[in-house]
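The values are calculated or read from the model by the stated rules, or taken from the named source; none is laboratory data. Keep in mind it's a predicted model, so treat the numbers as computed, not measured. Don't worry about glycine lacking a Cβ; one is built from the backbone with ideal geometry, like all the others, and counts go over all protein chains shown. Note: areas computed on protein heavy atoms with side chains; ligands, DNA, RNA excluded. Shrake-Rupley method; radii C 1.70, N 1.55, O 1.52, S 1.80 Å.
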Amino acid sequence: MAAKRDYYEVLGLQMHLDRFVLRSVVEMLAGIPEEKRLGCVSVNISRAMMEMPNFVREVETLLKEHHVAPKYLRLEITESVAQMGFDLLKTVVNGLQDIGVKVALDDFGTEYSNLSALINIDFDEVKLDKSLVDGVCDDHKAQTGLKNVINMCRELGDVHIVAEGIEEHPQREKIKQMQCGHGQGFLFYKPMPMQDYLNIILGDNTA
């Protein structure tokens, strides 16, 4: 997925894809009754999109146009975003948080630059990469590494920690033992079309 995203960035298409996905998600949220909106919906945003001079204003305008409260949107930055420079990245993250949009650091643990981003910027959420979770059931080194990463994230601030790539029940139990109470992966749900997600949220599982 990262390689494909890089390819789109080289072609200059990534920004248009990001904008299309972001608008589609906000339009979807607008069609869900507020009492049925279950927390945030996350959208991955590329470096090209975040480097736009009016990016924060564009997000704010889009939400206002569709009468969607910012608290229902979370933007996840990809592994390449840290390359845009920490001063600019921090300014954009702070701007998004100022309008009420949550920001997550995705794939944490895959690049050294992400550690600097975590230290220098107050993210609302940190998503621990699947590579940190894969061997957590039977590899002592993997267990030690993941435990220390979770503790470090917790000590750096009030941040929501999510373990990615949970595919088996034993992985979920190990994550819980490490006091990481949130997970994402095929054990819970697999990728699905938007309409299937809406059917679940709206309580219509017959379609």
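As a summary of the residue check, Ile175 satisfies the conditions (1) open to solvent by less than 80 Å² (accessible area, probe 1.4 Å); (2) touching a Leu at 6+ places or on another chain (Cβ under 7 Å) except for the one numbered (2). Scanning region 16-54 for residues that are polar (S, T, N, Q) and either at pLDDT below 90 or surrounded by fewer than 18 Cβ atoms within 10 Å (Cβ to Cβ) (or both) yields Ser24, Ser46, Asn54. Checked against the criterion of being surrounded by 15 or more Cβ atoms within 10 Å (Cβ to Cβ) and of a type in the set (Phe, Trp, Tyr), region 110-118 has no qualifying residue.
Inspect all residues belonging to region 184-201 and state whether any of them is under 24 Å from Arg23 (Cβ atoms), open to solvent by 90 Å² or more (accessible area, probe 1.4 Å), over 17 Å from the mean Cα position of the chain (by Cα) and of a type outside the set (Asp, Glu). Checked region 184-201: at least one residue is under 24 Å from Arg23 (Cβ atoms), open to solvent by 90 Å² or more (accessible area, probe 1.4 Å), over 17 Å from the mean Cα position of the chain (by Cα) and of a type outside the set (Asp, Glu). Only a single criterion out of (1) in contact with a Cys (Cβ under 9 Å, 6 or more places away or on another chain); (2) at pLDDT below 95 is not satisfied by Met84, namely (1).
Going through (1) buried (at least 19 other Cβ atoms within 10 Å of the Cβ); (2) touching an Asp or Glu at 6+ places or on another chain (Cβ under 7 Å) one by one, Lys130 falls short only on (1).
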